[in-house]
Amino acid sequence: MFSERLSRRELIGASAGIAAVAASPLAAQLPAEVDVSRLVRTALFVSDLEASKRFYRDLLGLDEVFFEGEFKGDMLGQLLGIPANAPTRVIILKAEGAPFGMIGLFQVTGHKLRRVRKRRGSVNIGEGVLVFNAARLDPIVAKLRAGGFTIVSPPVNLTPRWREMTFYGPDDVLINLIERPDR
């Protein structure tokens with residue numbers, strides 16, 4: 001069980017751990033020009049762009065369109081490892097606020113992509129999990145069930161205040177929601 005508050009000893013220990021990482025040989029080896037931002041977006045290659053857009057917009061609230069269009073050409077082919085003439089439809093969705101934590105949905109229409117093979121019902125090596133905070137999980141559970149989505153774990157209490165759940169979205173993307181009324 002996780003504690004919501006850290007004791008003074010735990011806080012001091014955690015602070016020392018952070019300082020140790022910052023002073024680690026790895027951090028010392030990073031050149032000064034390494035300057036990476038926080039995560040800008042996750043790119044998902046989808047089988048049905050419109051269905052995926054509805055899911056992420058209507059169920060998870062990513063209702064702002066940051067970019068929408070179609071790409072093809074040598075540079076895209078080289079970047080994605082697909083034929084240069086394979087058109088790729090794109091929509092990048094975001095929640096209100098700064099353009100970070102966005103989801104880019106990409107549907108390659110001129111070239112057949114293979115599905116990632118994974119074992120359902122458990123996480124897999126190399127598999128990403130999208131994690132979002134939600135004010136209330138119960139209405140989302142009802143929508144997932146109505147939409148026929150597979151719930152891996154219904155909401156469970158991991159702390160006295162927060163519940164979490166895991167489910168598969170379109171194209172078997174694993175999604176974790178954390179109920180945080182104070183989000």
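Read the figures in this text as sums done on the coordinates, not as results from a lab. All values reported here derive from a predicted model rather than from experimental measurement. All Cβ positions, glycine included, derive from the backbone under ideal geometry; neighbour counts span all protein chains shown.
Using only the Cα atoms of the stretch 38-114, each taken as one equal point scatterer with no solvent, compute I(q) by the Debye sum, divide by I(0), and report log10 of the ratio at q = 0.16, 0.28 Å⁻¹. The Cα Debye sum returns log10 ratios of -0.58, -1.28. Between residue 64 and residue 135, the FRET efficiency from the beta-carbon distance, with R0 = 22 Å, is close to 0.75. Working value for the stretch 42-183: equivalent-ellipsoid semi-axes of 29, 17, 13 Å, each the square root of 5 times a Cα gyration tensor eigenvalue, largest first.
Just so you know, the Cα atoms of the stretch 127-183 work out to an Rg and Dmax of 10.9, 33 Å.
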